[in-house]
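All remarks here apply to the structure that follows.
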């Protein structure tokens, strides 16, 4: 039998959606699936070389912002010669389904929801986005939610019938983030950290729905009691100037480091003691939370979206409510002051990531969707 032809479309090379596409595209069995990838080249951490080095066709398609008829025509040509058009995120789903609707040759449409943001926008934009999703939903064969919470939010918005929305939790290449003591020492030396320093790290795109304000104010409370503690912010995005201003306003310049985006994430995790992620709005199942767990770090995070499905409160980390500065500060201090507990939570999270949140499991479950009739 000929391999099933699959085209992945994502609207940015930045963030978890792009990394998800990379791991999925590279993980699919070449004997069963002929995979192509289409995405913008907009300066993110995933790009053409990730795919062409593995022999996968790559198509640069400018859909990161605005509306492009040329991109729509390009998508029509690409989708006309595949069996499955797999759309990742709302923007790719809009372009992909419009291209499908306007074409005579129509592949199966699969739409993975990477953070269901529409309900969090103010009116009238919220109403417009939900109306678009409802209008285009009948064109979609299968919706994939990356966590149970996202499926429930999607169904609550009355966009699709329950039998057409299935959950396939995100997965990562867990072994890449499992480090030894030598890697930890090397990572800390690279960051200029002393052995006594307790490093809290967050890795994310500095954009909505991230809540860096709550994280910085909570760290300000922690820093006053624990002078050996530092915060590392890895990532870039439109909120970066605000974050820099807030660091200065709180007089944390010597305690908070911003690196921009870094490729050597396993080394960053290896150097860290605690992983933190805060959000005020929508959330899927953040890959960095899974990566930090795989690296053996306890996770302190907002109770939002699929995070509680990964982080077991009190077992693999600590969860706090949205915008709860004091609660976040208490959670961080608990781990700083109890290193034995911190290490135990990290070990429990590492085992959980290696058992439940692997890229191999995710790829296997997506492949089953492709082949199901």
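The values are calculated or read from the model by the stated rules, or taken from the named source; none is laboratory data. This is a predicted model, so every value here is computed, not measured. Don't worry about glycine lacking a Cβ; one is built from the backbone with ideal geometry, like all the others, and counts go over all protein chains shown.
Here are some notes:
- The residues in segment 349-373 that are part of a helix (DSSP H, G or I) and either touching a strand residue (DSSP E or B) at 6+ places or on another chain (Cβ under 9 Å) or free of Cβ contacts under 8 Å to residues at least 24 places away in the same chain (or both) can be counted, and the count is 14.
- Which numbered condition residue 321 misses (of (1) out of contact with any strand residue (DSSP E or B) (no Cβ under 8 Å at 6 or more places or on another chain); (2) surrounded by fewer than 17 Cβ atoms within 10 Å (Cβ to Cβ)): (1)
- Every condition in (1) under 22 Å from residue 369 (Cα atoms); (2) surrounded by fewer than 20 Cβ atoms within 10 Å (Cβ to Cβ); (3) at pLDDT 95 or above; (4) over 22 Å from the mean Cα position of the chain (by Cα) holds for residue 126 except the one numbered (1).
- Here residue 368 fulfils each of the conditions (1) touching a helix residue (DSSP H, G or I) at 6+ places or on another chain (Cβ under 9 Å); (2) over 24 Å from residue 294 (Cα atoms) apart from (1).
- Checking each residue in segment 293-315 for being touching a helix residue (DSSP H, G or I) at 6+ places or on another chain (Cβ under 6 Å) and within 24 Å of residue 257 (Cβ to Cβ) picks out 293, 294, 295, 296, 297, 298, 299, 300, 301.
- Of the strands (runs of 3 or more DSSP E) lying entirely inside segment 22-95, the ones with 1 or more residues being within 19 Å of residue 141 (Cβ to Cβ) are found at 33-39, 84-88.
- Counted residues, segment 28-63 - those being out of contact with any strand residue (DSSP E or B) (no Cβ under 9 Å at 6 or more places or on another chain) and buried (at least 19 other Cβ atoms within 10 Å of the Cβ): 1
- Taking segment 296-305 as the range and being part of a loop (DSSP other than H, G, I, E, B) and either touching a strand residue (DSSP E or B) at 6+ places or on another chain (Cβ under 8 Å) or buried (at least 24 other Cβ atoms within 10 Å of the Cβ) (or both) as the test, the residues that pass are 297, 298, 303, 304, 305.
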